[in-house]
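*Asks:* Structure incoming, see below.
What follows is calculated from the coordinates using simple rules that are stated; it is not laboratory data. All values derive from a computational prediction rather than experimental measurement. Note that each Cβ is placed from the backbone with ideal geometry, even for glycine, and that neighbours are counted across all protein chains shown.
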Ligand SMILES: Cc1cc2nc3c(=O)[nH]c(=O)nc-3n(C[C@H](O)[C@H](O)[C@H](O)COP(=O)(O)OP(=O)(O)OC[C@H]3O[C@@H](n4cnc5c(N)ncnc54)[C@H](O)[C@@H]3O)c2cc1C
């Protein structure tokens, strides 16, 4: 008899936890359970569709799916198809890797208006998440306010700003790509509550905004007359100083030199949102669409003995895919120590009918085949029914 571990959530931290567990105890039986019929969490449905290099991390995860004692169990939602209590009774340990993707609220009047979207809903639509089939109506959207000063705000602004030729090798869902291409966009405002020295953009992602084909990046030099050298540890100081250098380059760009402008605005805390307009601490802006990129929170899960959280579910919604690896490996060591003090449980297979790795590979193959006809890495199926039919070989 060997121990059986359930990992709930087949995103990056779930896979890294499986990796850490198998390194310590290669004969462990692991079920990687996900509510979607597809694995990889935000590596599939969060990471921007034009950043295929980042998405390539899933190849490592595929190697884990090929291990004989790792079972993928897709289309199983814990809390709906199986309770947390049942899970805890049936498995020797439970790892919670469910992430955190409920959009945080801004807390200003008007944020529930229909033209205000959270970044998760928006990015999940572009990425073909089957719970988010419909995006905002972009047919009359000229001005967009993107609220936030992190990389998700840059993703959103860039994906709206790029032209169809720049998205041709991406796996954006075709209907979203078409809607963006046809939108009469003229201005995208990336809005920071605080000064430019506080922006948490990473350098490469910010610099990319200066290389867009149909959009010019602009900033106001008066907002860049700040010093990033005074505080924080060295890598942070260097990142901020480099960001300011990049933004100063944007300030030197010529407004109107390309059909679309991306304006970086700072010290501009949102005060209220109204149809067609956003009021900021520094004045009013026209905005037909507002996308908030201000972070996430998560769903509750039971915190009890034998339940171990990893990744975003454990430490909150910050950090890139690779940063989850060390965290998941550390938690895996705690899980192994816990298992070491217990005899394996016995009992029938607790899993309900699910989509296994072979089912996922049928989806993968069909998506890649649909993409190759258009020179794209894949065309995603974003419809629950279609995904399940393909996975089941119907
Ligand atoms: C918009 C966006 C863009 C990003 N871009 C980048 C990037 O370019 N580069 C980078 O390195 N990082 C990026 N990140 C961060 C990266 O995606 C995260 O660090 C990472 O995905 C967190 O992994 P996780 O496994 O903890 O959570 P997730 O990736 O969210 O995985 C959680 C999984 O749990 C499943 N699940 C949830 N609830 C249940 C349940 N009750 N039952 C069963 N399954 C459940 C979900 O379906 C999901 O598959 C981005 C994040 C976002 C939001």
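*Asks:* If neighbour count is taken as other Cβ atoms inside 10 Å, put 2, 202, 98, 234 in order from fewest to most.
*Replies:* With the fewest neighbours first, 2, 202, 98, 234 line up as 234, 2, 202, 98.
*Asks:* Here is a further query. Beyond 18 Å, how much of the Cα-Cα pair distribution for region 109-163 remains, as a whole percent?
*Replies:* Numbers: 500 of 1485 pairs.
The proportion of pairs with Cα distances above 18 Å equals 34 percent.
*Asks:* Kindly list the residues of region 195-228 that lie in the label zone of residue 282, defined by a backbone N under 11 Å from the point 7 Å along the Cα-to-C-beta vector.
*Replies:* In region 195-228, the label zone of residue 282 (backbone N under 11 Å from the point 7 Å along Cα→Cβ) covers 195-197, 219-225.
*Asks:* So, how do all the Cα-to-Cα distances of the chain break down into 20 Å bins, in percent, from 0 on up?
*Replies:* In order of increasing distance, the bins hold 26, 52, 20, 1 percent.
*Asks:* Then there is this: How many nm is it between the label spots at residue 137 and residue 297, if each spot is 7 Å from the Cα in line with the beta carbon?
*Replies:* Using points 7 Å along Cα→Cβ, the separation is 3.2 nm.
*Asks:* Could I ask something else about it? For residue 342 and residue 384 in the same chain, what is the full-extension length gain: residue separation times 0.36 nm, less their Cα-Cα distance, in nm? Before the final figure, lay out each step's value.
*Replies:* Details: separation 42, 0.36 × 42 = 15.12 nm, distance 3.96 nm.
So the chain would gain 11.2 nm between residue 342 and residue 384.
*Asks:* How much FRET efficiency would the formula 1/(1 + (r/R0)^6) give for residue 186 and residue 69, where r is the Cβ-Cβ distance and R0 is 56 Å, rounded to 0.05?
*Replies:* Calculated value: 0.50.
*Asks:* What are the radius of gyration and Dmax of region 104-295, computed over its Cα atoms and given in Å?
*Replies:* Using the Cα atoms of region 104-295, the pair Rg, Dmax is 16.1, 47 Å.
*Asks:* Let me ask something else. In nm, to one decimal, how far is the residue 221 label point from the residue 394 one, both placed 7 Å along Cα→Cβ?
*Replies:* 6.3 nm
*Asks:* By how many nm would the segment from residue 178 to residue 320 grow when fully extended, if each residue of separation counts as 0.36 nm and the alpha-carbon distance is taken off?
*Replies:* Separation in residues times 0.36 nm, less the Cα-Cα distance, equals 48.2 nm.
*Asks:* Label points 7 Å out from Cα along the Cβ direction at residue 330 and residue 241: separation in nm?
*Replies:* The two pseudo-label positions are separated by 2.9 nm.
*Asks:* Using the alpha-carbon atoms, what tilt in degrees (0 to 90, nearest 10) does helix 357-372 show relative to the longest principal axis of the chain?
*Replies:* On a 0 to 90 degree scale, this one is about 30.
*Asks:* Here is a further query. Assuming 0.692 mPa s and 37 °C, estimate D for region 1-119 with Stokes-Einstein, Rh taken as the Kirkwood radius over Cα pairs, in µm²/s.
*Replies:* Reported coefficient: 207 µm²/s.
*Asks:* For region 7-70 and region 205-273, what is the separation of their C-alpha centers, rounded to whole Å?
*Replies:* Computed from Cα coordinates, the inter-centre distance equals 35 Å.
*Asks:* Moving on. On a 0 to 90° scale, report how tilted helix 234-251 is relative to the longest principal axis of the chain, with both axes built from alpha carbons and the result rounded to the nearest 10.
*Replies:* Relative to the chain, helix 234-251 is tipped by roughly 40 degrees.
*Asks:* When Rg is the radius of gyration of the Cα atoms in region 127-215 and Rh is its Kirkwood radius, what does Rg/Rh come to? List each step's numbers first, then the result.
*Replies:* Working: Rg = 13.5 Å, Rh = 14.0 Å.
That ratio equals 0.96.
*Asks:* So if each residue of separation counts as 0.36 nm, and I subtract the Cα-Cα distance between residue 105 and residue 54, what length gain in nm does that give? Walk me through the numbers on the way to the answer.
*Replies:* Working: separation 51, 0.36 × 51 = 18.36 nm, distance 2.78 nm.
Stretched out fully, the residue 105 to residue 54 stretch lengthens by 15.6 nm.
*Asks:* Now for a separate question. Work out the FRET efficiency for residue 305 and residue 353 from their Cβ-Cβ distance, taking R0 = 22 Å, and round it to the nearest 0.05.
*Replies:* My answer for the efficiency is 0.15.
*Asks:* Between helix 151-161 and the chain, what is the angle of the helix's C-alpha long axis to the longest principal axis, kept within 0 to 90° and rounded to the nearest 10?
*Replies:* With rounding to tens, the tilt is 60 degrees.
*Asks:* Right, something else. Can you say what percent of the DSSP beta bridges in the chain, counting only those with both residues inside, are antiparallel? Round to 5.
*Replies:* 20 percent
*Asks:* When you have a sec, figure out the Kirkwood radius of region 298-394 from all distinct Cα pair distances and drop it here in Å to one decimal?
*Replies:* Final number for the Kirkwood radius of region 298-394 is 17.3 Å.
*Asks:* Considering every Cα-Cα pair within region 49-176, what fraction, in whole percent, is farther apart than 16 Å?
*Replies:* The answer is 75 percent, as a whole percent.
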